[in-house]
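Worksheet: the structure to be examined is printed underneath.
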Amino acid sequence: MDYFRLAALAEDVARFNKVTIRLQELEQEKSMSNYEIILKPVQSQLVAGTLGVLPDFDNCTSIIEKLFERVYGYVFSQGIKDVGSGINVYHETKLRDQHIPFEAIVPIPHTIPHDHRQAPSVWVYELPEVETMACVVHHGSFNSLGNAYCSLLEWIEKYGYQIAGSTREVYLHYRTLAKIFCDLIRGYFCLNFC
């Protein structure tokens, strides 16, 4: 058998295995996740951001809020009013429960000058594109966000992928009041993989 036929056969077997797994999921509908995982490319985008460390995920609201206020405040002070949804980026691929480094970033339409006196810890850069990202939409509170992560991680393992880059959380509805912040977060929770 020549190489091209063998390669085509391998692709057919891989497709068959994915269809078989999906059929098994449909048969077990009662135990299926409430989350739909989609694969999509993510374009690069210009962002303003700042770094922080979360002590843990139970005590993160005030830190996340403070960093987003810093970034949004600087961006607005530069005359930009048309900004995108806030994004948390977790650059480490190792899952942690404590001392979690992260970056709070805001997409912006054009570059702005960096003023070290006004905002020494905010910088502007191009967030790189990702050729293929696994994404899930979570509708609910921050307290139930772990369910979305579990579904995404189970899906990655089931289909034989590996995490290969940063995790991105896109907050589609960001609120500045700490008391309601956790109850109104909704967003994409994306993991890069190869």
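The values are calculated or read from the model by the stated rules, or taken from the named source; none is laboratory data. The model shown is predicted, which means the values in this text are computed figures rather than measured ones. With ideal geometry, Cβ positions are generated from the backbone for all residues, glycine too; neighbour counts draw on all protein chains shown. Note: areas computed on protein heavy atoms with side chains; ligands, DNA, RNA excluded. Shrake-Rupley method; radii C 1.70, N 1.55, O 1.52, S 1.80 Å.
Numbers for the structure displayed
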read-out: Every pair of residues 6+ apart whose Cβ atoms lie under 6 Å, when the first sits in region 138-149 and is touching a residue at least 12 places away in the same chain (Cβ under 8 Å) while the second is exposed (fewer than 15 other Cβ atoms within 10 Å of the Cβ); value: Ser141/Asp183
read-out: Only one of Ile64, Ile87, Ile80 that is assigned to a helix (DSSP H, G or I) and either open to solvent by less than 60 Å² (accessible area, probe 1.4 Å) or out of contact with any His (no Cβ under 6 Å at 6 or more places or on another chain) (or both); value: Ile64
read-out: Pairs, first under 15 Å from Trp123 (Cβ atoms) in region 93-113, second open to solvent by less than 20 Å² (accessible area, probe 1.4 Å) and part of a loop (DSSP other than H, G, I, E, B), C-beta under 6 Å, six or more apart; value: Ile108/Ile80
read-out: Hits in region 110-153 (condition: among the hydrophobic types (A, V, I, L, M, F, W, C), in a strand (DSSP E or B) and open to solvent by less than 60 Å² (accessible area, probe 1.4 Å)); value: Val124, Leu127, Val130, Met133, Ala134, Cys135, Val136, Val137
read-out: Qualifying residue in region 120-132 (condition: without any contact (Cβ under 8 Å) to a residue 40 or more places away in the chain and not hydroxyl-bearing (Ser, Thr, Tyr)); value: yes
read-out: Residue in region 169-194 that is nearest to the chain's Cα centre (by Cα), counting only those that are at pLDDT 50 or above and open to solvent by 20 Å² or more (accessible area, probe 1.4 Å); value: Val170
read-out: Residue within region 34-41 that is open to solvent by less than 30 Å² (accessible area, probe 1.4 Å), at pLDDT 90 or above and either among the acidic types (Asp, Glu) or closer than 23 Å to Ile105 by Cβ (or both) present; value: no
read-out: Residue that is farthest from Gly52 (Cα to Cα) [pool: residues in region 90-109 that are part of a strand (DSSP E or B) and open to solvent by 60 Å² or more (accessible area, probe 1.4 Å)]; value: Gln98
